[in-house]
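Quick notes on the structure that follows.
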């Protein structure tokens, strides 16, 4: 009787974790953005349903021998990607050093299905007031959106800019660290 209850609890725990966790692919400034990876991350079409005929619980099999496929493809899937777009102090002008990554991002957006929308989130570190950081992050997200529309000819109705200020620092980083000054992209 304990096995069915354990199985149900494991399923509920996995479903809760998958719903709450957001995985972000964080690019470094010196990293080349892969347009195909961009398209995979931003594509929000539902994954195909997995059909199962039966399920066996094997208590005696060591965890080390478990198949890597048993962990599921969701564990490797990212929900968003983050670019360290550089801006001058108190500025929303995209620095020339960020253009290569943004151009590759645009190539990835072009690979998405027609009608797929992308949210551009501006983020700041925790230095400064909430009001200041919210305004600055929105200006920077709009500057990136303008770059993608004006120079990369991405349709403006596919993009939406948001300023999140300092409200969503990267997990595992000091909220005041430079890594939190970023622009993040997610499919909508």
Conditions (1) at pLDDT below 95; (2) under 19 Å from residue 30 (Cα atoms); (3) surrounded by 17 or more Cβ atoms within 10 Å (Cβ to Cβ): number failed by residue 144: (1)
Residue check, residue 157 under 19 Å from residue 42 (Cα atoms) and either buried (at least 16 other Cβ atoms within 10 Å of the Cβ) or touching a residue at least 60 places away in the same chain (Cβ under 8 Å) (or both): no
Residue in region 168-177 that is buried (at least 16 other Cβ atoms within 10 Å of the Cβ) and more than 20 Å from the chain's Cα centre (by Cα) present: no
Only one of 31, 37 that is at pLDDT 90 or above, assigned to a loop (DSSP other than H, G, I, E, B) and surrounded by 10 or more Cβ atoms within 10 Å (Cβ to Cβ): 31
Residue 112 being surrounded by 21 or more Cβ atoms within 10 Å (Cβ to Cβ), farther than 23 Å from residue 173 by Cα and touching a residue at least 12 places away in the same chain (Cβ under 8 Å): no
Options 135, 121, 162: the member that is farther than 25 Å from residue 44 by Cβ, modelled with pLDDT of 95 or more and either in contact with a strand residue (DSSP E or B) (Cβ under 9 Å, 6 or more places away or on another chain) or in a strand (DSSP E or B) (or both): 135
Residue 183 vs. criteria in contact with a strand residue (DSSP E or B) (Cβ under 8 Å, 6 or more places away or on another chain), closer than 20 Å to residue 105 by Cα and in a strand (DSSP E or B): yes
Selected residue (only one of 93, 61 is modelled with pLDDT under 95 and in contact with a helix residue (DSSP H, G or I) (Cβ under 8 Å, 6 or more places away or on another chain)): 93
Of residues in region 40-57 being in a loop (DSSP other than H, G, I, E, B) and closer than 30 Å to residue 103 by Cβ, the one modelled with the highest pLDDT: 43
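The values are calculated or read from the model by the stated rules, or taken from the named source; none is laboratory data. What you see is a predicted model; the values in this text were computed from it and never measured. Note that we place each Cβ from the backbone using ideal geometry, even for glycine, and neighbour counts take in every protein chain shown.
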